[in-house]
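Participant: Structure below; questions to follow.
Since every read-out is calculated from the coordinates, none of them should be taken as a lab result. None of these values were measured; they are calculated from a predicted model. In this analysis, Cβ positions are derived from the backbone assuming ideal geometry, glycine residues included, and neighbour counts consider all displayed protein chains.
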């Protein structure tokens with residue numbers, strides 16, 4: 001799914017917004033306690049375990065391409081304490097399931113994949129007949145203010161040497177693009193929509209923690225000894241344009257694409 005070196009424990013400390021949005025998304029599943037569910041891009045597992053608690057007579061499998069995330073999830077939520085929950089290392093573009101799940105759920109993960117055709121094909125294969133998917137990820141227009149500042153830093157004399165071979169790493173899809181992908185894999189579409197979201201961080205340290213733990217395609221271009229300097233430069237320039245509010249919060253305008261469809 002991606003080649004980056006995730007610090008799972010650091011991510012765990014700086015992913016509260018993702019967890020909040022995941023809870024909102026879980027509420028839309030209308031679970032009946034008996035479903036078999038795949039959490040695609042499960043990260044550290046804290047969302048997966050919440051899903052498992054809602055399907056006591058069903059099962060949940062969390063998959064992620066990052067070994068560090070799967071290791072942390074297994075450590076936090078061991079099988080002997082969570083008998084209906086399992087974690088597996090697997091790439092979203094190579095799902096190895098066949099008519100296994102009633103529901104595939106994914107939150108804040110699939111924008112890490114640029115080409116979603118193999119993802120959508122794998123989702124369809126993974127579902128039982130009449131099974132459904134509910135996905136939310138970064139969509140067209142996501143984090144534009146952050147990306148604008150990153151673009152300026154990439155061109156600056158101090159940092160441009162590290163971005164000479166850089167390619168935009170995310171799959172931020174629009175509505176029509178995703179509708180076409182779903183149709184090509186025989187999904188029946190319930191809805192595909194772009195949803196503006198306000199991401200809120202606790203001050204400069206919270207904002208910089210989010211940059212450090214989730215903007216790896218950019219930060220890993222920088223030599224280790226200079227990464228914190230780069231992160232602080234990004235933070236400083238961003239906050240000039242989007243100042244901290246009266247409550248000490250940093251805001252980032254995000255756009256999510258939300259997809260609901262069934263086999």
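Participant: Please compute the modelled spin-label separation between residue 114 and residue 54, points set 7 Å along Cα→Cβ, answer in nm with one decimal.
Facilitator: For the pair residue 54/residue 114, the computed spacing is 3.4 nm.
Participant: So how much slack lies between residue 93 and residue 81, counting 0.36 nm per residue of separation and subtracting their Cα-Cα distance, in nm?
Facilitator: That pair, residue 93 and residue 81, stretches by 1.3 nm at full extension.
Participant: Here's something else I'd like to know. If I model a spin label at residue 20 and residue 200 as a point 7 Å from the Cα along the Cα→Cβ vector, what separation in nanometres do I get?
Facilitator: The modelled label-to-label distance comes out at 0.5 nm.
Participant: Run the simple label-point estimate for residue 34 and residue 251 please: 7 Å along Cα→C-beta, distance reported in nm.
Facilitator: 4.6
Participant: Highest GNM mean-square fluctuation, the chain, Cα pairs closer than 10 Å: which of 168, 97, 187?
Facilitator: Taking springs between Cα atoms under 10 Å, the residue moving most is 168.
Participant: Highest mean first, what order results for 242-253, 103-114 on Cβ atoms within 10 Å?
Facilitator: Ranked by mean Cβ neighbours within 10 Å, highest first: 103-114, 242-253.
Participant: Oh, and also: Only helical DSSP H runs with n ≥ 4 go in: add -39500 (n - 2.57) per run for the chain, normalise by residue count and round the 222 nm mean residue ellipticity to 500 deg cm²/dmol.
Facilitator: Calculated mean residue ellipticity at 222 nm is -11000 deg cm²/dmol.
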